Amino acid sequence: MSYTLHDWPYQWLGPWKEYGEGYEKYPSIKDFVNHEINAGYDKRLIEYLNNGVIVCVTSGISFPSPFDGQIKRDTVAYRTDGKWLWLDNIADFVAENGLVIPEQWYCEIRERDFIIPDVSHEQLEQLPLIISS
């Protein structure tokens, strides 16, 4: 997978090839690090990422930081805003490691004034399947 934040065609973000075996088809987190763009982010982005609707939760031991291998959270959740799906540990990576999110998604978040919209059961049922992407 060679897409970057400028041409990301999916509506999910979070599994990285650095997680190891079984994640080879996912992008490298290195392709999503840009300290200059990250420095321009509104600080409310972290709150947005941490407040998405939880879809499911698993042990954080399965998702150590792709930067240093440390377990940063006891659990890792998939979260959504009804359209996008993400692993919530990306909030840590945005705050601490210069991670950037796809441009289209950031624009949508800004347009919502960094407020998570209400998410319906129908929207949850329509979320993208990361496994098939």
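Every read-out reported here was derived from the displayed coordinates using simple, explicitly stated rules and does not represent laboratory data. No experiment lies behind these values; they were computed from the predicted model shown. Note that each Cβ is placed from the backbone with ideal geometry, even for glycine, and that neighbours are counted across all protein chains shown.
Nearest 500 deg cm²/dmol is fine: what mean residue ellipticity at 222 nm does the chain get from its DSSP H runs of n ≥ 4 alone, each adding -39,500 (n - 2.57), divided by its residue count?
Helix-only estimate at 222 nm: -6500 deg cm²/dmol.
Can you tell me the FRET efficiency between Ile37 and Ile115 if r is taken as the Cβ-Cβ distance and R0 is 35 Å, rounded to the nearest 0.05?
The value I calculate is 0.95.
Work out the P(r) tail for the chain: percent of alpha carbon pairs separated by more than 22 Å, whole number.
So the pairs more than 22 Å apart make up 32 percent of the total in the chain.
Who wins for biggest fluctuation among Trp12, Trp86, Trp105 in a Gaussian network model of the chain, springs between alpha carbons below 10 Å?
The residue with the greatest mean-square fluctuation here is Trp105.
Could you work out the local net charge near Phe67, counting Lys and Arg as +1, Asp and Glu as -1, over the other residues with Cβ closer than 10 Å to its Cβ?
So the environment of Phe67 carries a net charge of -2.
Under a plain spin-label model, where a point goes 7 Å from the Cα along Cα-to-Cβ, how far apart in nm are Lys30 and Thr4?
1.4 nm
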